Amino acid sequence: MKMKAHHLLFQNSIDINPRMGTIKLNDKRMALISVEALGYLRRDLVATLGMERAKGFLLRYGFASGYNDAESIESMYNWESKRELILAGPALHTLEGIVTVEPDVLDLDGERLYMSGYWRYSFEGEEHIRHFSYSNEAVCWMLVGFATGYLTKIVGKEIVIYEKSCIGKGDEKCYFVAQTVEHCAPEHRDILRYYEEESLVTELDKMYNEVKTLNLSIIRSEKVHKELTSLLLEGKNLSTLIDVIADVLGKSVIIKRGEMNQAFESKFLTEEDYDRYQKWMRKENVQSNDFIHIFKIMANKDCLGKMIVLGTEPITKEDRMIIERALSVLSIQMYTQRMIAQSLWQKKVDFFDELLNDSYDKEQLIYQANHLFNFDIEKNNRIVVIKSISEEKNKDIWYLLNTTYPKLDIFMKKGYIIMILPKNVEEKSSLHQFLHEVQRLVEKTFSNTMFYIGAGKASASISEIGESYKGAFQICDFLRLAYPTKNKIAIYEQLDPIMLFLKSMEPKELLTFSEKTIGNLLDYDKNNESNLVQTLKSYLDNNGNLNQTATELNLSIPGLRYRLNKIHSLCEVDFKTGQGSFHCQIAIQTYYTMKAINNHSFKNEKIN
């Protein structure tokens, strides 16, 4: 009689001898083992070998068990077909109490096998959850190994089995798929490497060698940490530390602050590395094998910058250890330098605050200045103030300018950047050229960032530099309010006609006053291509003399009277009175000052 899989019964397959204490399957001795004991075995294997090696060990154990059972069951009966012999495997697995197997699909076509089905009540999944909680991948390794060994023996070809779902990773059920290796997707063939013959001793040897390598890596990384710490205590700068890190790693290292496109500090080992970094910054031809790694430099939850490591090979575990220790030293160095800079900034701010106090001691302040600044305070100097609309960008702009112009005094005050320009700077290039150079540098480095640059008047004494400092702030604030959508530069000489008013009133008040006074005239001139503002200016300049005004504008008296009547109807004030005339002169001076800066009407730039 030909044997079928569903005829396979426990009492007919297993030989139990109570007297001898043996259980046999086709004369091969077997044993009943508690699944809890197998769970503890899994736990201890993972603790000893690690998850990956334990997985390989249990897959090979399952494979050996399945292969031996296949040999036994094949020789015990005269099977009706290979199909029935294949289905005997799931039946045997169920009889042994390992798992309930419910085959779903079995397609055997010559050299090709496809089989799938459900594993219900998997003890492996339950034990894994008990000891390790849910996993990110399937965990029924012994079941997979058993089925692989069984089918490999019966089919006579290499078989790949994997779980599509598994209770060990939180799925509702375990579902397996078995395929001949040549018909299996490449991503599922990776499991075959776990079946390579390796003894537990071999596994332990590998573990020992890994631990030995890890210890050597720890010793080397600690040595690098001590070297960097020593350099830090010696007061070496950031550039020196970067050189050491790059040489130890054998990779190029770049320090980047904020959104600065250019490197703050760098050590490129090759020109090729520099070119690759530039392409990466421009987001050109970025390849997955460029091996560019980014690490944040943190201090008190504050990101001080980023360290970029660029090489031709992936970073190793040892590299990561060295990098982690290097980051701790860099964070101390950069944080300390920032605190020192901020302390010095405050001293310089305090100096100017005291200078603007009328009761200051001149000799004492000159003494302080000689210790705080790199210029002679009683020679020609000029204060420049820069402010970005984006507050967080101001520090990055300061870093950029301080790096580009290391010989200049540059510090910060509550979101403003202050530069002190000694006379020799203006001698080398015009003030306008220098300020436009600064503007281009900031625009290139920080795209889409609004900022304003105001330059105070030239000073030649301690009292005058205080006025230059105050004026630069007033000009910067004036530009911010007058031109809210464009980067602007202005120097004291350009705003000289209205500086007196800026000193006596807030910039916003002056702009609002000017727009209210002659705003309607500006609108009329713009819409009708007329020149009423120029007519009013000429009339006021000539102290209301009609003949002189008409001659200057090449107009007839009746034509001038018509214009003046039109102006009178549009103005908010009576320009023929003393007070009205004064108000119009202030508004017109403000208008022409802004026109000189921007070469178009401030009316085109709405005041916030």
Exercise for the section: Would you confirm whether any residue within the range 555-563 is closer than 24 Å to PHE513 by Cβ and either polar (S, T, N, Q) or open to solvent by 30 Å² or more (accessible area, probe 1.4 Å) (or both)? Expected result: yes
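Of ILE315, ILE294, ILE340, which residue is among the hydrophobic types (A, V, I, L, M, F, W, C) and surrounded by 15 or more Cβ atoms within 10 Å (Cβ to Cβ)? First the steps, then the outcome.
Values: ILE294 fails: surrounded by 15 or more Cβ atoms within 10 Å (Cβ to Cβ); ILE340 fails: surrounded by 15 or more Cβ atoms within 10 Å (Cβ to Cβ).
That would be ILE315, the only listed residue that is among the hydrophobic types (A, V, I, L, M, F, W, C) and surrounded by 15 or more Cβ atoms within 10 Å (Cβ to Cβ).
To keep it simple, each residue is scored yes or no on (1) touching a residue at least 24 places away in the same chain (Cβ under 8 Å); (2) closer than 15 Å to ASP247 by Cβ; (3) in a strand (DSSP E or B).
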site: LYS306; (1), (2), (3): yes, no, yes
site: VAL309; (1), (2), (3): yes, yes, yes
site: ALA326; (1), (2), (3): yes, yes, no
site: SER343; (1), (2), (3): no, no, no
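Condition check ((1) in contact (Cβ under 8 Å) with a residue 60 or more places away in the chain; (2) more than 38 Å from the chain's Cα centre (by Cα); (3) within 20 Å of ILE297 (Cβ to Cβ)) across all residues:
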{"position": "ILE322", "(1), (2), (3)": "yes, no, yes"}
{"position": "PHE352", "(1), (2), (3)": "yes, no, no"}
{"position": "ASN357", "(1), (2), (3)": "no, yes, no"}
{"position": "GLN364", "(1), (2), (3)": "no, yes, no"}
{"position": "ASN370", "(1), (2), (3)": "no, yes, no"}
{"position": "VAL385", "(1), (2), (3)": "yes, no, no"}
{"position": "SER390", "(1), (2), (3)": "yes, no, no"}
Completion exercise
Scanning the range 238-262 residue by residue, the ones that are at pLDDT 90 or above, under 30 Å from LEU441 (Cα atoms) and open to solvent by 30 Å² or more (accessible area, probe 1.4 Å) total 3
Problem - Single match in THR485, THR449 (criterion: more than 27 Å from PHE351 (Cα to Cα), in contact with a helix residue (DSSP H, G or I) (Cβ under 8 Å, 6 or more places away or on another chain) and either of a type in the set (Phe, Trp, Tyr) or outside any helix (DSSP H, G or I) (or both)) - result: THR449
Practice task
Would you mention how many residues in the range 446-505 are more than 26 Å from LYS423 (Cβ to Cβ), hydroxyl-bearing (Ser, Thr, Tyr) and in contact with an Asp or Glu (Cβ under 9 Å, 6 or more places away or on another chain)?
Solution key: 4
Exercise for the section: Note down all Cβ pairs under 9 Å where the first residue falls in the range 507-529 and is touching a residue at least 12 places away in the same chain (Cβ under 8 Å) and under 21 Å from GLN474 (Cα atoms), the second is open to solvent by 10 Å² or more (accessible area, probe 1.4 Å) and of a type in the set (Lys, Arg), and they're at least six residues apart or on different chains. Expected result: PRO507/ARG480; GLU515/LYS603
Handout entry: Out of TYR469, TYR452, TYR492, sole residue that is within 33 Å of the chain's Cα centre (by Cα) and surrounded by 15 or more Cβ atoms within 10 Å (Cβ to Cβ)
Key = TYR452
Handout entry: Selection count, the range 530-574, where residues are in a loop (DSSP other than H, G, I, E, B) and small (Gly, Ala, Ser)
Key = 3
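Take the conditions within 18 Å of ARG42 (Cβ to Cβ), touching a helix residue (DSSP H, G or I) at 6+ places or on another chain (Cβ under 7 Å) and either open to solvent by 50 Å² or more (accessible area, probe 1.4 Å) or outside any strand (DSSP E or B) (or both) and apply them to LEU143. Does it pass? Even if it seems obvious, please write down each step before you answer.
Details: within 18 Å of ARG42 (Cβ to Cβ): yes; touching a helix residue (DSSP H, G or I) at 6+ places or on another chain (Cβ under 7 Å): yes; either open to solvent by 50 Å² or more (accessible area, probe 1.4 Å) or outside any strand (DSSP E or B) (or both): yes.
So LEU143 fits the description; yes.
Step by step: first the residues of the range 204-251, then only those that are part of a loop (DSSP other than H, G, I, E, B) and touching a residue at least 40 places away in the same chain (Cβ under 8 Å), then the one that is nearest to ILE308 (Cα to Cα). Which residue is that? Don't jump to the end; show me each part of the working.
Initially, the range 204-251 is screened for residues part of a loop (DSSP other than H, G, I, E, B), giving 234-237, 250-251.
Restricting the remaining residues to those that are touching a residue at least 40 places away in the same chain (Cβ under 8 Å) gives 250-251.
Working: GLY250: 13, LYS251: 10 Å.
Here the residue is LYS251.
State whether the residues of the range 199-206 include one that is charged (D, E, K, R), touching a Lys or Arg at 6+ places or on another chain (Cβ under 8 Å), farther than 23 Å from TYR118 by Cα and open to solvent by less than 40 Å² (accessible area, probe 1.4 Å).
Taking the range 199-206 first, the residues charged (D, E, K, R) are 203, 205-206.
Still in the list and also touching a Lys or Arg at 6+ places or on another chain (Cβ under 8 Å): 203, 206.
When the remaining residues are screened for being farther than 23 Å from TYR118 by Cα, the result is 203, 206.
Next, only the ones that are open to solvent by less than 40 Å² (accessible area, probe 1.4 Å) stay: 203.
Yes, some residue in the range 199-206 is charged (D, E, K, R), touching a Lys or Arg at 6+ places or on another chain (Cβ under 8 Å), farther than 23 Å from TYR118 by Cα and open to solvent by less than 40 Å² (accessible area, probe 1.4 Å).
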Fill in the blank from the handout: Of the residues in the range 103-118, those that are touching a helix residue (DSSP H, G or I) at 6+ places or on another chain (Cβ under 6 Å) and either surrounded by 18 or more Cβ atoms within 10 Å (Cβ to Cβ) or among the acidic types (Asp, Glu) (or both) number 1
Practice task
For the range 202-214, indicate whether the set of residues that are modelled with pLDDT of 80 or more and within 30 Å of PHE123 (Cα to Cα) is non-empty.
Solution key: no
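Looking only at the range 348-377, which residues are of a type in the set (D, E, K, R) and open to solvent by 80 Å² or more (accessible area, probe 1.4 Å)?
Passing the criteria: ASP358, ASP361, LYS362, GLU363.
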Completion exercise
Checked LYS457, LYS414 against criteria (on the phi > 0 side of the Ramachandran plot, open to solvent by 10 Å² or more (accessible area, probe 1.4 Å) and among the basic types (Lys, Arg)); the one match is LYS414
Problem - Sole residue being open to solvent by 50 Å² or more (accessible area, probe 1.4 Å), acidic (Asp, Glu) and either farther than 30 Å from ASN78 by Cβ or in a loop (DSSP other than H, G, I, E, B) (or both), chosen from GLU163, GLU126 - result: GLU126
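The values are calculated or read from the model by the stated rules, or taken from the named source; none is laboratory data. If you're wondering where the values come from, they're calculated on a predicted model, not measured in any experiment. Note: ideal-geometry Cβ built from the backbone for every residue, glycine included; neighbour counts use all protein chains shown. Surface areas here come from the heavy atoms of the whole protein model, side chains and all, with no ligands, DNA or RNA. Shrake-Rupley method; radii C 1.70, N 1.55, O 1.52, S 1.80 Å.
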